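Let me begin by presenting the structure, written as structure tokens, before commenting on it.
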Amino acid sequence: MAVVTEIRHSTPTPTPLPPRPRASANRVAAWGALIVVLGAAIWSVADLEINIASMVQSLGNAADFTSRVFPLDFPPLGELLVMTGQTLAIVVVATVLAVLLSLPVAIFAASNTTSGPVMHGAARIIIVLSRAVPDLIFAIIFFRLFGLGALPGILALGLHSIGMIGKLYADAIEELDGGPAEAVRATGGSRVQWITSTVIPQLMPQLIATALHRFDINLRTSVLLGYVGVGGIGLELANALRTMQYQRGMALALIILLLCIGVEMLSGAVRARLLGRVRPGRGGARGFIDRIAAGWITAPRGGREPQRTRAGRIRIAPQWDSERIRRFAGVGLTVAIVALATLYADLNFSTLLKDLLAVPQLMGIFLPPSPQDLLGTLLESMLVTIQIGLAATLLGLVLALPIGILAARNVAPSARVANLFRTIIVVIRGLPELILAIVFIVITGLGPIPGTLALAIGSVGLLGKLVADSLEETDVRVQDAVRATGATGSQVFYAATLRQAMPQFIAHILYQLDVNIRSATLLGIVGAGGIGFYLLNASRVQAFDVVSFIIVMVLVTVLAVEALAVWTRRTLR
Amino acid sequence: MTVAAANQTIPEPADIRFEGVTKSFGSVTALDDVSVSFAPNKINVLLGLSGSGKSTMLRHINGLHKPTQGDVWTLGTPVHSAGQSAMRRLRNNVGMIFQQFHLVESSSVLENVCTGQLGSLRGPRFGLWSYPRAVREAAMDQLARVGLADKAFQRAGSLSGGQQQRVAIARALIQRPTVLLADEPVASLDPVSSAGVIELLTQISREENLTVICSLHQVQIALSFADRIVGLNAGRVVLDRSAAGMTHDDVDGIYAAEPVDQRLAMAV
Amino acid sequence: MTVAAANQTIPEPADIRFEGVTKSFGSVTALDDVSVSFAPNKINVLLGLSGSGKSTMLRHINGLHKPTQGDVWTLGTPVHSAGQSAMRRLRNNVGMIFQQFHLVESSSVLENVCTGQLGSLRGPRFGLWSYPRAVREAAMDQLARVGLADKAFQRAGSLSGGQQQRVAIARALIQRPTVLLADEPVASLDPVSSAGVIELLTQISREENLTVICSLHQVQIALSFADRIVGLNAGRVVLDRSAAGMTHDDVDGIYAAEPVDQRLAMAV
Amino acid sequence: ATSTAAETPETPDKLVFAQIPSESAQGIAENNAAIIAAIEETTGIEVEIQQVTDYAAVIEGLRAGQIQLAALGPFSYMVAKDSGAGVEALGALVDDPDQEPGYKSYGIVPAGSDITDLAGFAGKTVCFVDPTSTSGFLYPSAGLLDLDIDPETGVTPVFAGGHDASALSVADGTCDAGFAYDTMVTTQIIESGSLKEGDLEVVWESETIAGSPYVASDTLPADLIEQLQDIFATDLNIPALVESGICSSAADCQLPEESEYGFIPVEDSLYDGVRAVCATTKAAACNV
Ligand SMILES: Nc1ncnc2c1ncn2[C@@H]1O[C@H](COP(=O)(O)OP(=O)(O)OP(=O)(O)O)[C@@H](O)[C@H]1O
Ligand SMILES: Nc1ncnc2c1ncn2[C@@H]1O[C@H](COP(=O)(O)OP(=O)(O)OP(=O)(O)O)[C@@H](O)[C@H]1O
Ligand SMILES: [Mg+2]
Ligand SMILES: [Mg+2]
């Protein structure tokens, strides 16, 4: 056996490095902007005086508070069911409404299905605006417009949801394989035809998954909207806390928490199944149904002959196997739930027309936006709101990175660790920020600190999930290739995994910042500092020109963050 | 082989004809002054390097592209100038199948075949049950023909590549087309499935008297399958002759020419 | 050709040997009692239908898979039982390239080549500048060798397929491996780029006296490229002989056997 | 922090002044500049403003020793005092030094309604503000209970969320009748352009509700509290502010609630009215 002779090819002179291409001014600027944002976030943490010492000091308050919370005082079951039903009804109807409105908007907003530049632009503007205006602001406006009842809450949640749902749908449509659409075009199908018969079915899993995701978010937000009068558990909670009925309030908070976590887990499971991450088992009940179905109808044999019914007609209906029964039941159940929710939400359309006719007059009292004589104060509180958003994102990120990394199945040391951290993320995601904020207010006192902490923890839920997902979405075969060179686990992680996920990370972090600034506005209404206080107060004393001035300020901020996100993502891709 | 006379202004209704067709995408010239006709009821194969313009040529025949310059006539329709409704009518007579099959993977096989009929139906369709019964029955017939009647209610995505291509063929056949365009129909199939699909295409084109125009990468298959071979290089027709008696070497010239686009220029 | 004696317990350090290797994934048996050895300094090609076990076999050689039963020896290392650090040392001597290249598309070409050296570096690296200067220079040399020195600072994802495969080859070469594994290295390339890559592989394996084990779908290429051909079917070795003088027909038997997995069973 | 109350408290180096917008606020700009200036000048301690929307938060802050000064509503004062949050009243705003500080709740119906008095509310849909509102719920409830109408069962109660919302809901027919504080009905909602004069009719007035008191936390040293009470009693009225130079002229002197005079001292007993109402209504918010 010959031993390998060490004839190694070697170039006598090393190859010179080619001139390093100069980084484009755009790239440098984008990195510069990100560093500025990071600096601003660090400054915010310092300026808001968020430090561990003061929190530890306040722990005595927490103990004192705890003693006033127990025993919890649960409302009677009947009442509880009624308010839970009311909350769920509002959220279901709002989410369905949002999906119905978002779908056409998304079709016009996606570059591959839009009808032209005008509609494309209009749809994109609708998406950006409805995302930028917090639901609380919609709620305030709609209460003014439609008066009391479920309608304002539903519209507020529904319209604001278009921002996220429409954007995700449009992105999903743009990522669809255009092949089937082209194939249908090649058979002579018209635009409506190819959209309905190729785009919509391809979109279906994403469509439902996104709707469920938004349902979770809307459920949590509806609690907050209780503070401005949207009915259900949120309103009861707000009333209990306002009247210092902490035993009742915390009992309700616990119920909301369980409801949110339950719904989050349920919809997570449904989503995982829809997106094909879970292989349907053939055992158990499904296998049983299949076996029965196989007896009902002759299973098809051979592909050369079309099957015929006993009457001799060509069979064009699938057999009732477990698959079809499940699908049928799923659709049936969904329709039933939505119908029930619509009835239960008790929408009153009788005054709708009259209210709509009042819109121009209403717009009159909102316009022109004016800070009255509060310009300085408002700008200052807006700055606090931005600081809260920045600081919360930074703190959230510090917590979310390790949690997200450990939750990613392809990075975690074992599947069990990954599952544990996934569960932690789901539980954190289930916590309504409002409840966190209230708890922190009790512990640390009023002001921006509790708001920041609440949002930071809330960020861990979303950001941790996004981090984990983007790690899992990396091409594992690339990791394999690097591993095949003999690299260690951590080398593979830095050289291949993290590297692939980096652009995604930046996009997610900026998205979280955007979310946090909007949430910071909302939490202001429970005493967490910032512009939210003035928003609620201005609407309470009917200074609607100030309300609209604040809306404009929030809008400008959110749009600026959005623009930064779009730009950096494009440049740093 | 009957090739229509070259300078006739309006071609025979059964013909397909390119007259001085140039197609540019920005700075890239995908087709460069192409004049060629295809006679009815024959199997024509387009050969050429990647980027030589095969797909572009096929897509001119049913108007998915319009020429930058020159005229394309298909079955008596002036594709270069036809309006929307004329185009829909034409496309209804021209079936097309693709390398990647282009099925809606989440829909059932039967529904995918039904979409082939959209050109002659009005209004949008939502799901299998929104198609008329006659269409569903016709779709079932076509599935039986390609040997997949038993898979009618499976998700299209759950089928193997070869089976998916058969569904795509059924979708094209339900139109009862006069012309069948196939853009590298077997390029993403393994050798066994390829052979099955090519056999099916041959058989159906004979049965239905179809005009087939098919682009291929596999010279071997082309030689055994085609009546006529058209070679493209850098958007120009560099070979056009009957396939009878041709050998591998006759075809090599198509590929020997210098690289035709940036991507290839870098690849070597 | 020198094939190591079959029943020797510890193979020669330069050898690669499978002894009664079975690999199961759940209910699927990917390799079924495979015993085969590869001698040094030869180009070995694995042929077989999709799913026949080619990739699985390659991935046993550098321990990306471990056998369910049986032993695999690579360069004197018992892959079936080797610990983490032995495995790292082994992998450092075995380069691997893949059908889809598997580069980090957002990193520069040069950095991708540098990652090939991770096996002999300690600690994680973040970004090109964290690699020692010597590594960067070596990477540059290898890039020059595959003809891509001028692309060193481009994003890997911006290169053409053929170019990306060359980068992957450079990444494998920087390890100065004794064995080069290649899993369908040209399956996703067009014919012209394929030819270029195969030529490069041949040239380098001669220059460096490499043992190459390469799975391929294209029989034509295999015949012109290999010293030895191993045919797999349903996880078993059904052909194993010198490539000299072999023809297309000799190889057909590998594919003619009955379909080996569900996907293929449906495809016919 | 609460436990320090027993020991001799130290003088803090800053006073946190929390404020909820009082129910009768006329604008979002609560004008506290003069008050703060006067306190800082006299005591030499820095005052920091903390805006809060919700009185529960202020009471918790007072209880936890994180807030030293606060402007409360009459009802929230009562709750804070009686629940042991530890507050001392400093003063309340009036338009005239001889006036009793306070305001009223109005029972309202849409123009042309056949309801003419509070008894007519029985069995109707009635808009309240929210369950913690003094003038929007507690006094109206007491009024109804006096007529043996249970505010939960004798009418269909609707919580509108705000005084303006209550008034608007009555005007647009969502509610047959409702309640709001006096100046909301007579001036604010009309000035804001939402309703016209005469859209609403007032059919009931409550007794005077004691005015919103400013309070200090009893965690402060007793002499500091006394000093503060003194400032409210003597320094915090327009004539005195002009004299001390904090205001340049009477016309420029901006006080909260557009008060035309300033603060007068208040006794805890002034709020017995609220206590009585709580006793009558047994409202949830009163259970502290
Ligand atoms: N929509 C388009 N936009 C821009 N350039 C295009 C477009 N379609 C084709 N091209 C360019 O036109 C040229 C011809 O492309 P075409 O797809 O017709 O080649 P082909 O022969 O089908 O190649 P392949 O074998 O790779 O499918 C190529 O250079 C291609 O890059
Ligand atoms: N990680 C895995 N998990 C489960 N099954 C696997 C796994 N890897 C391979 N298999 C199965 O093992 C069998 C052999 O697969 P392998 O990838 O080795 O085939 P191959 O010859 O490389 O095929 P191809 O030409 O498609 O790459 C197949 O049936 C495959 O489905
Ligand atoms: Mg093509
Ligand atoms: Mg493989």
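The values are calculated or read from the model by the stated rules, or taken from the named source; none is laboratory data. These numbers were taken from a predicted model, which means no experiment stands behind them. Quick reminder, even Gly has a Cβ in these numbers, built from the backbone with ideal geometry, and neighbours come from all protein chains shown. The accessibility values were calculated without ligands, DNA or RNA, using every heavy atom of the protein model including side chains. Shrake-Rupley method; radii C 1.70, N 1.55, O 1.52, S 1.80 Å.
Structure data summary
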{"quantity": "Value of D in µm² per second that Stokes-Einstein yields for the stretch D:28-131, Kirkwood Rh from Cα pairs, at 37 °C (0.692 mPa s)", "calculated": "189"}
{"quantity": "Shape of the stretch A:32-88, Cα gyration tensor, a/c cut at 1.5", "calculated": "oblate"}
{"quantity": "Interface residues, the stretch D:55-79 - accessible area loss of 40 Å² or more versus chain alone, probe 1.4 Å", "calculated": "D:Ala56, D:Glu60, D:Arg63, D:Gln66"}
{"quantity": "Per residue, in Å², the accessible surface of the protein assembly as shown once ligands and nucleic acids are set aside, probe 1.4 Å", "calculated": "40"}
{"quantity": "Accessible area that becomes buried as D packs against A, both chains, 1.4 Å probe, Å², nearest 100", "calculated": "3200"}
{"quantity": "Global form of the stretch D:123-216, assessed from the alpha-carbon gyration tensor, a/c cut-off 1.5", "calculated": "oblate"}
{"quantity": "Shielded by partner chains, the stretch A:186-203 residues - at least 40 Å² of accessible area, 1.4 Å probe, vs chain alone", "calculated": "A:Ala186, A:Thr187, A:Gly188, A:Gln193, A:Thr196, A:Ser197, A:Pro201"}
{"quantity": "Rounded to the nearest 20 debye, dipole of chain D from Cβ charges on Lys, Arg, Asp, Glu", "calculated": "780"}
{"quantity": "Dipole of chain B [Lys/Arg +1, Asp/Glu -1 at C-beta], most positive-end residue of B:Asn112, B:Ser188, B:Pro132", "calculated": "B:Pro132"}
{"quantity": "Largest-first principal axis extents of the Cα set of the stretch A:172-231 (Å)", "calculated": "55, 17, 14"}
{"quantity": "Sum of -39500 (n - 2.57) over DSSP H runs of 4+, divided by residues of the protein assembly as shown (222 nm, nearest 500)", "calculated": "-15000 deg cm²/dmol"}
{"quantity": "Centroid-to-centroid separation of the stretch A:401-442 and the stretch C:82-99 [C-alpha atoms, Å]", "calculated": "35"}
{"quantity": "Spin-label pair D:Asn31/B:Asp240, simplified geometry with 7 Å Cα→Cβ offset, distance in nm", "calculated": "9.2"}
{"quantity": "Fraction of accessible area attributable to carbon and sulfur, the protein assembly as shown (%, probe 1.4 Å)", "calculated": "56"}
{"quantity": "Proximal aspartates and glutamates relative to C:Lys23, as straight alpha-carbon distance under 16 Å, when same-chain residues fewer than 8 apart are discounted", "calculated": "C:Asp32, C:Asp33, C:Asp71, C:Asp261"}
{"quantity": "Solvent-accessible area buried by pairing C with B, both sides, nearest 100 square angstrom, 1.4 angstrom probe", "calculated": "1400"}
{"quantity": "Viscosity 1.306 mPa s, temperature 10 °C, Stokes-Einstein D of the stretch A:449-525 from Kirkwood C-alpha radius, µm²/s", "calculated": "113"}
{"quantity": "Prolate/oblate/rounded call for the protein assembly as shown, Cα gyration tensor, a/c under 1.5 rounded", "calculated": "prolate"}
{"quantity": "Tilt relative to chain C, helix C:191-208 - C-alpha long axis, 0 to 90 degrees, to 10", "calculated": "80"}
{"quantity": "Estimated dipole of chain B in Debye, rounded to 20 [Cβ of Lys and Arg +1, of Asp and Glu -1, Cα centre]", "calculated": "1060"}
{"quantity": "Degrees between helix C:84-93 axis and first principal axis of chain C (Cα, 0 to 90, nearest 10)", "calculated": "80"}
{"quantity": "Charge dipole (chain A, unit charges on Cβ, about Cα centre) - positive-most of A:Leu97, A:Ala391, A:Ala186", "calculated": "A:Ala186"}
{"quantity": "Aspartates and glutamates whose Cα lies under 16 Å from that of D:Lys196, excluding same-chain neighbours fewer than 8 positions away", "calculated": "D:Asp164, D:Asp172, D:Asp182"}
{"quantity": "For chain B, the spread of Cα positions along each principal axis, largest first, Å", "calculated": "51, 41, 37"}
{"quantity": "Cα-centred dipole magnitude for the protein assembly as shown, charges only on beta-carbon of K, R (+1) and D, E (-1), debye, nearest 20", "calculated": "9280"}
{"quantity": "Around A:Leu80: net Lys/Arg minus Asp/Glu count, Cβ-Cβ under 13 Å", "calculated": "-2"}
{"quantity": "Shielding by other protein chains, C:102-112, mean Cβ within 10 Å", "calculated": "5"}
{"quantity": "Residue pairs, from the table D:Lys81/D:Lys104; D:Lys104/D:Lys282; B:Lys54/B:Lys151; D:Lys124/D:Lys282, whose Cα atoms sit over 31 Å apart", "calculated": "B:Lys54/B:Lys151"}
{"quantity": "Between the stretch B:180-207 and the stretch C:190-248, the Cα center-to-center distance that results, in Å", "calculated": "28"}
{"quantity": "Cα lying deepest toward the dipole's positive end in the protein assembly as shown, options A:Leu401, D:Ser217, D:Gly84, charges on Cβ", "calculated": "A:Leu401"}
{"quantity": "Volume in Å³ per residue [convex hull over Cα atoms, computed for the stretch B:103-176]", "calculated": "75"}
{"quantity": "Interface B:A - total buried accessible surface [probe 1.4 Å, Å², rounded to 100]", "calculated": "3000"}
